[in-house]
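The values are calculated or read from the model by the stated rules, or taken from the named source; none is laboratory data. Here the structure is a predicted model, which means the values were calculated and not measured. In this analysis, Cβ positions are derived from the backbone assuming ideal geometry, glycine residues included, and neighbour counts consider all displayed protein chains.
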Amino acid sequence: MSIHPFRQLIGQPQAVELLQQAITKNRIAPAYLFAGPEGVGRSLGAKCFSEVLLSLKISPEKQTLLEKRIRERNHPDLLWVEPTYQHQGQLITIEDAKQSGITRKAPPQIRIEQIRDITRFLNRPALEASRSLVIIEDAQTMTEAAANGLLKTLEEPGQGTLILLAPSTDNLLPTLVSRCQTIPFYRLSPEDLSKVLAEKKQLEILENEEILALAQGSPGAAIAHWEQLQTIPETLRQKLKEFPINILEGLDLAQEISKDLEYQGQLWLINYLQYYYWNKSQNKNLLELLEKSRSYLLSYVQPRLVWECLLLESLCFRDRSSS
């Protein structure tokens, strides 16, 4: 077993302490709920914990191979479950859908078929480790049937341990939460956030105040927001850093935004611009204008019209700032 199994988990001292106590006292619960915001280390914590639980019967020299197998999710005693789409009678993951170019309007879910797979997995004896381990990502996406099915499994988990990952206890059935030991995960401090991003060599993000503000203490969110920013053409990004100088420029820019960016990208851009212009001018009226535009987009008002109104109204802010 690794000397410091949670060395990679930065900024979560309470979670690390609770899990280390369980290991030290050999009091592993049948089920855990890792509850906290997306991108703050829940999945990493589950990976680190699984390395410990699955290494109790192996020699130290095999630890590196074990870590590799867990990272690649091909250990026979580990089942990692994530939300899926239904496509042509098959369940496919988000990543599989992206690679196949498959799009769905409905969000992915943990489905009853996957819970049945979990039950079968836990009913057989562990092949290499001292126990079987199941990790369920985004457990809050379980359908009602899946949640009820998992409840029955939690009543008799056998020699297995389940780890549910979810934003909070409020996102799950109370009866499910009551059968799990909750391990809280929190947003990182600015110092810990910077440390994680530096270790991941995401130094450019550290120089972008708007991305750091959007991240709200989540390294995963910071990286996701940065990647979203890169999908916006550089020329368009430069134009958005200043207000249009006249009506024609505003109309042209509105057309460019609605043409180049998909609906979700436009919603994200509104959020980004709110942080950008607040850092730049701290103009509350402009923030209210951006928020109004966001509400229009959410109400499915024609996007080009929304951007035309926003950019034309923003002309008055340019006039005021230059006067």
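I'd like the full set of residues that are in a helix (DSSP H, G or I), within 12 Å of Leu311 (Cα to Cα) and not polar (S, T, N, Q), limited to the stretch 228-255. Working first, answer last.
Kept after step one, since they are in a helix (DSSP H, G or I), are these residues of the stretch 228-255: 228-230, 234-240, 247-255.
Those left that are additionally within 12 Å of Leu311 (Cα to Cα): 239-240, 247-255.
Those that are in a helix (DSSP H, G or I), within 12 Å of Leu311 (Cα to Cα) and not polar (S, T, N, Q): Lys239, Leu240, Ile247, Leu248, Glu249, Gly250, Leu251, Asp252, Leu253, Ala254.
Against the condition closer than 30 Å to Leu188 by Cα, free of Cβ contacts under 8 Å to residues at least 40 places away in the same chain and either in a helix (DSSP H, G or I) or hydrophobic (A, V, I, L, M, F, W, C) (or both), how does Trp268 come out, does it pass?
Values: closer than 30 Å to Leu188 by Cα: yes; free of Cβ contacts under 8 Å to residues at least 40 places away in the same chain: no; either in a helix (DSSP H, G or I) or hydrophobic (A, V, I, L, M, F, W, C) (or both): yes.
It is false that Trp268 is closer than 30 Å to Leu188 by Cα, free of Cβ contacts under 8 Å to residues at least 40 places away in the same chain and either in a helix (DSSP H, G or I) or hydrophobic (A, V, I, L, M, F, W, C) (or both).
When you look at Pro174, is it surrounded by fewer than 17 Cβ atoms within 10 Å (Cβ to Cβ) and under 25 Å from Val52 (Cα atoms), yes or no?
The answer is no for Pro174.
Within the stretch 288-306, is even one residue closer than 29 Å to Pro37 by Cα, of a type outside the set (D, E, K, R) and in a loop (DSSP other than H, G, I, E, B)? Don't jump to the end; show me each part of the working.
We begin by selecting, within the stretch 288-306, every residue closer than 29 Å to Pro37 by Cα; these are 288-300.
Those left that are additionally of a type outside the set (D, E, K, R): 289-290, 293, 295-300.
Adding the requirement that they be in a loop (DSSP other than H, G, I, E, B) leaves 299-300.
Yes.
Among the candidates Leu79, Leu66, Leu91, single out the residue that is assigned to a helix (DSSP H, G or I), at pLDDT 80 or above and among the hydrophobic types (A, V, I, L, M, F, W, C). Write out each step before concluding.
Numbers: Leu79 fails: assigned to a helix (DSSP H, G or I); Leu91 fails: assigned to a helix (DSSP H, G or I).
The unique qualifying residue is Leu66.
Within the stretch 194-209, identify whether any single residue is charged (D, E, K, R), farther than 30 Å from Leu273 by Cα and under 21 Å from the mean Cα position of the chain (by Cα), and answer yes or no.
As a first pass, look at the stretch 194-209 and keep what is charged (D, E, K, R): 195, 199-201, 204, 207, 209.
Keeping just the survivors that are farther than 30 Å from Leu273 by Cα gives none.
The answer is no, given that none of the residues of the stretch 194-209 is charged (D, E, K, R), farther than 30 Å from Leu273 by Cα and under 21 Å from the mean Cα position of the chain (by Cα).
If I filter the stretch 95-151 down to residues being surrounded by 18 or more Cβ atoms within 10 Å (Cβ to Cβ) and basic (Lys, Arg), which single residue comes out as farthest from Asp77 (Cα to Cα)?
Arg111
Pick out the one residue from Gln86, Gln181, Gln114 that is modelled with pLDDT under 90, in contact with a strand residue (DSSP E or B) (Cβ under 9 Å, 6 or more places away or on another chain) and of a type outside the set (A, V, I, L, M). Give the steps one after another, and end with the answer.
Numbers: Gln181 fails: modelled with pLDDT under 90; Gln114 fails: modelled with pLDDT under 90.
That would be Gln86, the only listed residue that is modelled with pLDDT under 90, in contact with a strand residue (DSSP E or B) (Cβ under 9 Å, 6 or more places away or on another chain) and of a type outside the set (A, V, I, L, M).
When you go through (1) more than 17 Å from Leu44 (Cα to Cα); (2) out of contact with any Lys or Arg (no Cβ under 6 Å at 6 or more places or on another chain); (3) touching a residue at least 12 places away in the same chain (Cβ under 8 Å) one by one for Glu227, which number turns out not to apply?
Tallying (1) more than 17 Å from Leu44 (Cα to Cα); (2) out of contact with any Lys or Arg (no Cβ under 6 Å at 6 or more places or on another chain); (3) touching a residue at least 12 places away in the same chain (Cβ under 8 Å), Glu227 fails exactly one: (3).
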